[in-house]
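The values are calculated or read from the model by the stated rules, or taken from the named source; none is laboratory data. The structure displayed is predicted, hence computed values, not measured ones. Counting neighbours? That spans all protein chains shown, and the Cβs are built from the backbone with ideal geometry, glycine included. Side chains included, ligands, DNA and RNA excluded: accessible areas come from the protein's heavy atoms. Shrake-Rupley method; radii C 1.70, N 1.55, O 1.52, S 1.80 Å.
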Amino acid sequence: MPLRNDRPFGYRRKALEIFGKKGTPDQRKGRVLVATQVVEQSLDLDFDLMVTDLAPVDLLVQRAGRLWRHQRGPRPISGPDFLVVSPEPVADAGKDWYEKIFPRGAYVYRAHALLWLSAKILFEKGAIVSPQGVKALVETVYGADARDRIPEGLRKNFDDNEGAAFGDSSHAENNLLDFFSGYCPGDNKFWSSDIRKPTRLGEEQTVFRLAFWRDGRLRPYANESDPMRAWALSEVSVSVRKATGRSASSPEIEMAASALEAKWREAGDGTVVLPLDGEGSWRARGAKPAKNTVQPIDIHYDTICGLRLLPAT
């Protein structure tokens, strides 16, 4: 069963039902959960065995914490098995050491030098012993002498990521809000929307709230009794490189969408309404930047594949 982050209230609930604390042996028998790194935190999941791609050692420790988490009686294997798929941390590793094995993962974890250090210490130890062995694992990878212990071919990657980390710290400092100044403009550090004062690093995002046109009004995609929660659970995020907003709908729908957005803007919320059309697999029209203008795109959404952006037809 897949676990996708774009429909958390459905798939997460199902995952917790099966693999959570109250999951029964009959529910768990023969089940395999395929998931992204979303499962390494915030979810109380309990697995008998886990297979994971190589990641920084601190994240691997978090993932390993989802093994044999609760008392369950007899299990199908004799002990918690944590299998890490990794290239061998050879001494002459080149700059493409990680990318050759994980061409897509290379864009998720860009600090390949730290991945090499993580792989090396895990190859040497052969196990994660918690809690007594965790500190040594982390300090080996993130210690002050880390650069001296990595292959020459990965040192530029190490230096680039160290520089990016300092840049991120400076960016955070520039966006720091002065709590004691209160909720008002002042000294150019004012409380504003998350888009103007981002709370996490990464590409700038366009946040859509998916909606249906029903009975003459726009209703949130998520079916919840609390309207605020329903709209929050209807959100999906897309890089501004791929989508900046929606293309115009019918005048009636556009007027309703603009009214909703105007209300949200009063609270500093820059989210965009995305009216969906269809059943099962829904469609909408969006817009993306293109050479000093915007061009229409087709946006498809379904519960299995999530959000897909396609050229307009």
Of the candidates Gly30, Ala55, Trp116, the farthest towards the positive dipole end of region 1-132 (Lys/Arg Cβ +1, Asp/Glu Cβ -1, centred on the Cα centre) is Gly30
Heavy-atom accessible area of region 89-184 with neighbours in place, 1.4 angstrom probe: carbon+sulfur share in percent works out to 57
Heavy-atom accessible area of Ser169, protein chains in place, probe 1.4 angstrom, given in Å² to nearest 10, is 70
The answer for Tyr221, listing residues at least 5 apart or on another chain whose modeled amide H is closer than 5 Å to its amide H, is Leu210, Ala211, Phe212
In Å, the Kirkwood hydrodynamic radius from C-alpha pairs for region 24-78 sits at 12.3
Hull surface over four for the Cα convex hull of region 111-174, reported in nm², is 5.1
With all protein chains in place and a 1.4 Å probe, Thr52 shows an accessible area in Å² (nearest 10) of 10
Excluding residues fewer than 8 positions from Lys21 in its own chain, the aspartates and glutamates with Cα under 15 Å of it are Asp44, Asp46, Asp48
Summing +1 per Lys or Arg and -1 per Asp or Glu among the other residues with Cβ less than 13 Å from Lys21's Cβ gives +2
